[in-house]
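The values are calculated or read from the model by the stated rules, or taken from the named source; none is laboratory data. Note that this is a predicted model, so its numbers are computed, not measured. Don't worry about glycine lacking a Cβ; one is built from the backbone with ideal geometry, like all the others, and counts go over all protein chains shown. Ligands, DNA and RNA are stripped out before the accessible areas are found, and what is left, the full protein with its side chains, is counted by its heavy atoms. Shrake-Rupley method; radii C 1.70, N 1.55, O 1.52, S 1.80 Å.
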Amino acid sequence: MCNEGNYCSDNNVSAVCPQGFFCPTGTGQPQDCDVFYDCPEGSATPSISITTLIVTLGYLGLLSGFWGVWGLTDERRTPGTVLDADEEELKPSTDKIKHQQSLLS
């Protein structure tokens, strides 16, 4: 049986798993490494590539930035409310309340 990071051919000759492939214990043929993974020579398992990790984290950072800018993550933010600087919580705008009261009169 071949050790991890190696594969064995039909005549049980052990060879190091080539770059771009991974070879678990007992592998007869190297297995392809997926696009988003990194498999250097002698890999027993694929690992996520640093490039994929950086791109993914950057993308998530951009999404969270857009959500923050557009207020999509702040569930307390509703139309007609303003931030009270002293208490740091949202309160209905007095202008909005007066306008709504005039409509009801």
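So for segment 1-67, averaging the separation of alpha carbon pairs under 8 Å that are six or more residues apart and normalising by length, what relative contact order in percent results?
About 27 percent, as a whole number.
Given a 1.4 angstrom probe, I'd like the percentage of the accessible area of segment 3-51 that is carbon and sulfur, rounded to a whole number.
48
Measuring with a 1.4 Å probe in the full set of protein chains, what accessible area per residue, in whole Å², belongs to segment 11-68?
71
Work through the residues other than Y7 whose Cβ is under 14 Å from its Cβ and net out their charges, Lys, Arg +1 and Asp, Glu -1.
Once positives and negatives cancel, what remains is -4.
Please sort 27-34, 6-13 by packing, taking for each peptide the average over its residues of neighbouring beta carbons within 10 angstrom, highest first.
Top to bottom by mean Cβ count within 10 Å: 27-34, 6-13.
Under a point spin-label approximation (7 Å from Cα along Cα-to-Cβ), what is the E4-V35 distance to one decimal in nm?
Taking the two extended label points, one gets 2.8 nm.
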